[in-house]
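Undergrad: Handing you a structure now.
The values are calculated or read from the model by the stated rules, or taken from the named source; none is laboratory data. Predicted model, so just to flag it, every value in this text is computed and none were measured. Please note: Cβ atoms are built from the backbone with ideal geometry, for glycine as well, and neighbour counts cover all protein chains shown.
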Amino acid sequence: MMNVLSMLVKSIGLAALDATVSPGVLQPWVNEVEAYVAHNGKFSKFAVLYLPLSPPPVFWDYKCKKCLWWQEPNGCKVVEGDISPQGWCAVWVPPKEYKALTWPQELLRGEW
């Protein structure tokens with residue numbers, strides 16, 4: 001089993017590095033999560049510290065509905081069970097098209 005603290009640091013830290021100073025560093029982590037799920041099945045909510053509400057934004061608005069793994073209407077490619085669009089977990093990763101620091105504009109447009 002992956003350590004939840006290292007998952008959190010990798011997901012958020014590598015995403016921030018990827019968006020700012022070192023493009024491409026996030027992809028190996030994405031590959032690692034996908035390989036883990038392919039081999040072991042989806043993570044339990046407990047294993048990834050899933051919360052039905054997301055933390056305040058920093059680089060991104062960290063909601064599940066704004067994550068690479070999100071599946072409409074209430075699912076996730078890597079976490080089992082029903083997932084809230086407003087939720088969050090330790091393997092949150094921004095989709096490639098989701099640019100860092102765009103959340104203030106999203107807030108002003110009412111996309112929350």
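Undergrad: Do you know which of the residues in the stretch 7-17 that are under 14 Å from the mean Cα position of the chain (by Cα) and surrounded by fewer than 15 Cβ atoms within 10 Å (Cβ to Cβ) is modelled with the lowest pLDDT?
TA: First, the residues of the stretch 7-17 that are under 14 Å from the mean Cα position of the chain (by Cα): 7-16.
Going one step further and asking which of them are surrounded by fewer than 15 Cβ atoms within 10 Å (Cβ to Cβ), we end up with 9, 13.
Numbers: V9: 85, G13: 90.
So, considering only residues that are under 14 Å from the mean Cα position of the chain (by Cα) and surrounded by fewer than 15 Cβ atoms within 10 Å (Cβ to Cβ), the one modelled with the lowest pLDDT is V9.
Undergrad: Could you tell me how many of the residues in the stretch 40-58 are over 15 Å from D82 (Cβ atoms) and crowded, with 17+ Cβ neighbours inside 10 Å?
TA: The number of residues fulfilling the criteria is 3.
Undergrad: While we're here: For the stretch 83-110, which positions are in contact (Cβ under 8 Å) with a residue 12 or more places away in the chain and of a type in the set (D, E)?
TA: Within the stretch 83-110, just E106 meets the criteria.
Undergrad: Could I ask something else about it? Counting only residues that are crowded, with 23+ Cβ neighbours inside 10 Å and over 20 Å from A16 (Cβ atoms), how many does the stretch 80-95 have?
TA: Looking only at that region, the number is 2.
Undergrad: Moving to a separate point now. Output the residues belonging to the stretch 18-39 that are of a type outside the set (S, T, Y), surrounded by 10 or more Cβ atoms within 10 Å (Cβ to Cβ) and either more than 19 Å from S6 (Cα to Cα) or touching a residue at least 60 places away in the same chain (Cβ under 8 Å) (or both).
TA: As a first pass, look at the stretch 18-39 and keep what is of a type outside the set (S, T, Y): 18-19, 21, 23-35, 37-39.
The next check asks that each one be surrounded by 10 or more Cβ atoms within 10 Å (Cβ to Cβ); those that pass are 18-19, 23, 25-35, 37.
Listed by number, the residues that qualify are A19, P23, L26, W29, V30, V33.
Undergrad: On to the next question. Hey, can you tell me all the residues within the stretch 61-110 that are in a loop (DSSP other than H, G, I, E, B), under 23 Å from G13 (Cβ atoms) and either out of contact with any helix residue (DSSP H, G or I) (no Cβ under 9 Å at 6 or more places or on another chain) or charged (D, E, K, R) (or both)?
TA: Within the stretch 61-110, D61, K63, C67, K77, K96, E97, K99, T102 meet the criteria.
Okay, residues lined up against (1) modelled with pLDDT under 95; (2) more than 18 Å from E34 (Cβ to Cβ):
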residue: V58; (1), (2): yes, yes
residue: C64; (1), (2): no, no
residue: E72; (1), (2): no, yes
residue: C76; (1), (2): no, no
residue: Q86; (1), (2): no, yes
residue: C89; (1), (2): no, no
residue: K96; (1), (2): yes, no
residue: E111; (1), (2): yes, yes
